[in-house]
Amino acid sequence: MPDAFTDHLFDTPSAAESSLAAYTTLRLGGPAGTLTTALHADEAVETVRAASAAGRPVLVLAGGSNVVIGDAGFPGETLLLRTSGIEVVAEDPRSVVARVAAGETWDDFVRYAVTNGWSGVECLSGIPGSAGATPIQNVGAYGQEVAHTIEAVRAYDRIADEIRVMTPVECAFGYRTSVFKHSDRYLVLSVDFRLERSGSSAPIRYAELARSLGGEAGDRVPLALARDTVLKLRAGKGMVLDPEDRDTWSVGSFFTNPVIPEDLFRTLGEMPHWPAGAGPAGESLVKLPAAWLIEQAGFPKGFAGEGVAISGKHTLALTNRGAGTTAALLDLARVIRDGVRARFGVELHPEPVLVNCEF
Ligand SMILES: Cc1cc2nc3c(=O)[nH]c(=O)nc-3n(C[C@H](O)[C@H](O)[C@H](O)COP(=O)(O)OP(=O)(O)OC[C@H]3O[C@@H](n4cnc5c(N)ncnc54)[C@H](O)[C@@H]3O)c2cc1C
């Protein structure tokens, strides 16, 4: 299997090969039915439109860093999104609006923003994948999420068969979710980010990052320093892709942090937690650290299944050690989920999108 990640997150079209494992950071997933690479937005739309007309299911795949694809692969049309480009579409003395093509590598855009003195995405440095996938699960890390800076998402709507410009409200961003997640209605074509013209980061919200910067929450620091510090923190946790390091052969966090009603939380005993706003009926919600729950339930870093294991650097990352299968990865995930449920009565939910496989 060619390693699509040796030099760059994304392969080139000439590297096209039928096993979808070659296009995922887990390096798991069976064969593709058909595989089409789109270098331009109109090619991407045409591919999806033609598949819809033929009644064929479509899998949009960009960086492959948030998908778990079944060992049987995906029998329909797989669209490899490889569009690129960053363009300033509006500016004023305080801010710019940067339009980023969906297939653009996310971290290339973050580096570009930092280099240009555009503030607002620096704490999202080092996250693998494409810019167009960031609205799908409202990508977030170290106190920032893309919902803070997205101004508009341009998407092809398969049902209406038209291109729409969607506002943040229409995107319905939430914690690791949006209107786009678990839906194949929209093909994101580009994303507009409004970024502040400033050499300083947005106020640091994340305590661990503030500590590493030698300051406290609320501080603003030079953009490049924020980026470098985030990259170092992430690398120490195996959260920056490195083909030599199997602790990074993952989808990042496999589980989201559970959000539960405060009433339930009070029955659980002492544990770390954060306030998480109010639920639909106005009830107070609390977010629990999934990594802590997993460790306390008896699953340490390195805990292994068949050719798969919890990362040696981060309890939330389930990794392929080289000889893994999707079936083995999901078995390991179920053992962990069941263990946490038995110990705490709290349910863990997977963060990645599962394609042709079940959890
Ligand atoms: C080491 C590592 C660390 C990570 N750290 C973080 C983190 O800190 N925070 C975080 O939020 N995530 C993190 N992730 C998860 C992942 O990087 C992000 O979710 C990323 O945005 C996925 O981008 P992608 O291009 O790889 O998407 P893919 O994996 O290719 O696709 C993911 C889903 O989005 C859909 N999709 C992708 N592009 C489009 C499009 N243009 N239009 C419509 N649908 C589309 C796909 O169909 C699929 O359902 C991490 C992953 C890894 C491997």
Query raised in the report: Which residue out of Ala224, Ala210, Ala217 is touching a Ser or Thr at 6+ places or on another chain (Cβ under 9 Å), more than 20 Å from Glu351 (Cα to Cα) and of a type in the set (Gly, Ala, Ser)?
Result: Ala224
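Table: residues versus (1) within 11 Å of the ligand (Cβ to nearest atom); (2) open to solvent by 10 Å² or more (accessible area, probe 1.4 Å); (3) in contact with a helix residue (DSSP H, G or I) (Cβ under 8 Å, 6 or more places away or on another chain).
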| residue | (1), (2), (3) |
| --- | --- |
| Pro93 | no, yes, no |
| Pro128 | yes, yes, yes |
| Val139 | yes, yes, yes |
| Tyr156 | yes, no, yes |
| Ile159 | no, yes, no |
| Glu162 | no, yes, no |
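Using the structure shown, decide if Ala202 is in a helix (DSSP H, G or I) and either open to solvent by less than 60 Å² (accessible area, probe 1.4 Å) or free of Cβ contacts under 8 Å to residues at least 24 places away in the same chain (or both).
Details: in a helix (DSSP H, G or I): no; either open to solvent by less than 60 Å² (accessible area, probe 1.4 Å) or free of Cβ contacts under 8 Å to residues at least 24 places away in the same chain (or both): yes.
In short, no.
Which ones in the stretch 145-180 are of a type in the set (Lys, Arg) and closer than 24 Å to Val110 by Cβ?
Taking the stretch 145-180 first, the residues of a type in the set (Lys, Arg) are 154, 158, 164, 176.
Within the stretch 145-180, Arg154, Arg176 meet the criteria.
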Report summary line: Leu233 meets each of (1) assigned to a loop (DSSP other than H, G, I, E, B); (2) closer than 30 Å to Ile294 by Cβ; (3) touching a Leu at 6+ places or on another chain (Cβ under 8 Å) with one exception, condition (1)
Report task. Would you check if there is a residue in the stretch 95-112 being surrounded by fewer than 22 Cβ atoms within 10 Å (Cβ to Cβ), touching a Ser or Thr at 6+ places or on another chain (Cβ under 6 Å) and part of a strand (DSSP E or B)? Result -> yes
Query raised in the report: Here is a list of conditions, (1) of a type in the set (Asp, Glu); (2) open to solvent by 60 Å² or more (accessible area, probe 1.4 Å); (3) at pLDDT 95 or above, and Glu216 meets all of them except one; can you say which number that is?
Result: (3)
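Out of contact with any Gly (no Cβ under 6 Å at 6 or more places or on another chain) and not in a strand (DSSP E or B), is that true of Gly277? Break it down stepwise before answering.
On the way: out of contact with any Gly (no Cβ under 6 Å at 6 or more places or on another chain): yes; not in a strand (DSSP E or B): no.
For Gly277, the condition - out of contact with any Gly (no Cβ under 6 Å at 6 or more places or on another chain) and not in a strand (DSSP E or B) - is not met.
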Requested in this report: Would you tally the residues in the stretch 236-274 being within 14 Å of the ligand (Cβ to nearest atom) and outside any strand (DSSP E or B)?
Outcome: 21
Query raised in the report: What number of residues within the stretch 284-314 are open to solvent by 40 Å² or more (accessible area, probe 1.4 Å), under 16 Å from Arg341 (Cβ atoms) and more than 21 Å from the chain's Cα centre (by Cα)?
Result: 3
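Can you spot a residue in the stretch 117-127 that is polar (S, T, N, Q) and either in a helix (DSSP H, G or I) or more than 21 Å from Leu225 (Cβ to Cβ) (or both)? Steps first, please.
Taking the stretch 117-127 and keeping what is polar (S, T, N, Q), we get 119, 125.
The next check asks that each one be either in a helix (DSSP H, G or I) or more than 21 Å from Leu225 (Cβ to Cβ) (or both); those that pass are none.
Scanning the stretch 117-127 turns up no residue that is polar (S, T, N, Q) and either in a helix (DSSP H, G or I) or more than 21 Å from Leu225 (Cβ to Cβ) (or both).
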Report task. Test Arg211 against the stated conditions and say whether it is assigned to a helix (DSSP H, G or I) and open to solvent by 50 Å² or more (accessible area, probe 1.4 Å). Result -> yes
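If I ask for residues that are out of contact with any Pro (no Cβ under 6 Å at 6 or more places or on another chain) and open to solvent by less than 60 Å² (accessible area, probe 1.4 Å), which ones from the stretch 258-283 would you list? Explain how you work it out, then say what you get.
So the first thing to find is which residues in the stretch 258-283 are out of contact with any Pro (no Cβ under 6 Å at 6 or more places or on another chain), and the list is 258-271, 273-282.
Within the stretch 258-283, Pro258, Ile260, Pro261, Glu262, Phe265, Leu268, Gly269, Met271, Ala276, Gly277, Gly279, Gly282 meet the criteria.
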Report summary line: When the stretch 25-65 is checked residue by residue, the ones that are within 11 Å of the ligand (Cβ to nearest atom), within 23 Å of Ile86 (Cα to Cα) and among the hydroxyl-bearing types (Ser, Thr, Tyr) are Ser65
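The values are calculated or read from the model by the stated rules, or taken from the named source; none is laboratory data. Just so it is clear, the structure is predicted and the values come from calculations on it, not from any experiment. Here Cβ is always computed from backbone atoms with ideal geometry, including for glycine, and neighbour counts include all displayed protein chains. Just the protein is used for accessible areas: all its heavy atoms, side chains included, with ligands, DNA and RNA removed. Shrake-Rupley method; radii C 1.70, N 1.55, O 1.52, S 1.80 Å.
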